[in-house]
Amino acid sequence: MLSKSKIKFIRSLEQKKFRKKENAFLAEGPKCVDDLLCAGFRPRMVLHTASWQSPVPLPAAAEDILVTDEELRKVSLLQHPQHVLGVFDIPTVSSASLSDAPATDLVLALDSVQDPGNLGTIIRTADWFGIRNIVCTAGTADAYNPKVVQATMGSIARLNITYFDTLPDYLSTLPPSTPVYGAVLDGENIYTTTLTPHGVIIMGNEGNGISAPVREMLTHKLLIPQNREGAESLNVSIATAIILSEFRRRG
């Protein structure tokens, strides 16, 4: 039987301040939990019904807790719990390695993307296109928010996600020759401009786009052209998918 203290601890991880304090996050459902386990994320505890089987042996230090459907409902943040819930350590990523990454591959950078659903979709999309590093500003939604984790459908297990106070803090660590792309309304048509298979791609805030200090550091301004008059803008997660698709098509 689950203790009240354990239930309280698990439910507390819905809030960012407790995730930060405990350096832990929640993942639910076989897809997310299985992918995290297979990627080597360290579980602190795994609560599951009898119908779930771990894809890999759980570490000896992890609590392996068999629960009933009713007990799982008490701790789950989902309307319909999916057989398994895991509490994992939030991984640390070396910021030093991020300075080298744009020399050989694409790094996606997010300038205050605030909606958890957008961030989750962006992470999943980045995984599809083989992006391995995402850099976020402090104003971007927390990647380990349960809503974000759920929206990634396991993709969060395969990406390194790092937060900086501002993007200039990160961009200033890169060699001056690094291509820095940004999606802006006064940019060049992405389908006709030259693109490189490496560098940094910056996507901006849902309402305000890329902030002024970051715009000044762009070396290439990109525009997704509109086919005809209509919507004023694209959702940032959709725009990210279009841009990554074009980079990978060229590369």
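The values are calculated or read from the model by the stated rules, or taken from the named source; none is laboratory data. What you see is a predicted model, and the numbers here were worked out from it, not measured in a lab. As a convention, Cβ positions derive from the backbone with ideal geometry for all residues, glycine included, and neighbour counts pool all protein chains shown. Side chains included, ligands, DNA and RNA excluded: accessible areas come from the protein's heavy atoms. Shrake-Rupley method; radii C 1.70, N 1.55, O 1.52, S 1.80 Å.
Can you tell me which residue in region 167-190 is nearest to VAL87 (Cα to Cα), limited to those that are of a type outside the set (A, V, I, L, M, F, W, C) and touching a Pro at 6+ places or on another chain (Cβ under 7 Å)? Step by step, filter region 167-190, then rank; the result is PRO168. All told, ASP105 falls short of being without any contact (Cβ under 8 Å) to a residue 40 or more places away in the chain and of a type in the set (Asp, Glu). Listed by first and then second residue, the pairs linking a residue in region 1-19 that is under 20 Å from THR49 (Cα atoms) to a residue that is surrounded by 14 or more Cβ atoms within 10 Å (Cβ to Cβ), with Cβ atoms under 6 Å apart and 6 or more places separating them unless they lie on different chains, are LEU2/GLU71; ILE7/LYS74; ILE7/VAL75; ILE10/VAL75. Just to be sure before I move on: is PRO197 part of a helix (DSSP H, G or I), at pLDDT 95 or above, more than 27 Å from ASN23 (Cβ to Cβ) and open to solvent by 20 Å² or more (accessible area, probe 1.4 Å) in the structure I sent? When the stated conditions are applied, PRO197 does not pass them. Of all residue pairs spaced 6 or more apart or on separate chains, those with beta-carbon atoms under 8 Å, a first member in region 35-54 that is open to solvent by 50 Å² or more (accessible area, probe 1.4 Å) and a second member that is acidic (Asp, Glu) are ARG42/ASP89; ARG44/GLU63; ARG44/ASP89. Can you pull out the residues in region 200-221 that are surrounded by fewer than 16 Cβ atoms within 10 Å (Cβ to Cβ) and part of a loop (DSSP other than H, G, I, E, B)? Within region 200-221, GLU206, GLY207, ASN208, GLU216, THR219 meet the criteria. Among the residues making up region 175-192, those that are in a loop (DSSP other than H, G, I, E, B) and either at pLDDT below 95 or open to solvent by 60 Å² or more (accessible area, probe 1.4 Å) (or both) are PRO175, PRO176, SER177, TYR191, THR192. Answer with yes or no whether SER237 is under 20 Å from the mean Cα position of the chain (by Cα), of a type in the set (S, T, N, Q) and surrounded by fewer than 15 Cβ atoms within 10 Å (Cβ to Cβ). The answer is no for SER237.
Scanning region 76-92 for residues that are modelled with pLDDT of 95 or more and among the β-branched types (Val, Ile, Thr) turns up VAL84, VAL87, ILE90.
Filtered by the rule that a residue be open to solvent by less than 20 Å² (accessible area, probe 1.4 Å) and within 16 Å of PRO116 (Cβ to Cβ), region 1-34 gives LEU13, ARG19, PHE25, LEU26, ALA27, GLU28, CYS32. Regarding region 85-94, can at least one residue be identified that is of a type in the set (A, V, I, L, M) and farther than 30 Å from SER211 by Cβ? Yes, because at least one residue in region 85-94 is of a type in the set (A, V, I, L, M) and farther than 30 Å from SER211 by Cβ. Provide a single number: the residues in region 20-34 that are within 19 Å of the chain's Cα centre (by Cα) and without any contact (Cβ under 8 Å) to a residue 60 or more places away in the chain. The total comes to 3.
The sole residue among ASN160, ASN227 that is out of contact with any Ser or Thr (no Cβ under 7 Å at 6 or more places or on another chain) and without any contact (Cβ under 8 Å) to a residue 60 or more places away in the chain is ASN227.
Listed here are the residues, each with its yes/no results for (1) over 21 Å from ASP34 (Cβ atoms); (2) among the hydroxyl-bearing types (Ser, Thr, Tyr).
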| position | (1), (2) |
| --- | --- |
| ARG73 | no, no |
| SER76 | no, yes |
| LEU85 | no, no |
| ASP100 | yes, no |
| LEU110 | yes, no |
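Among the residues examined, SER95 qualifies as modelled with pLDDT under 95 and surrounded by fewer than 16 Cβ atoms within 10 Å (Cβ to Cβ).
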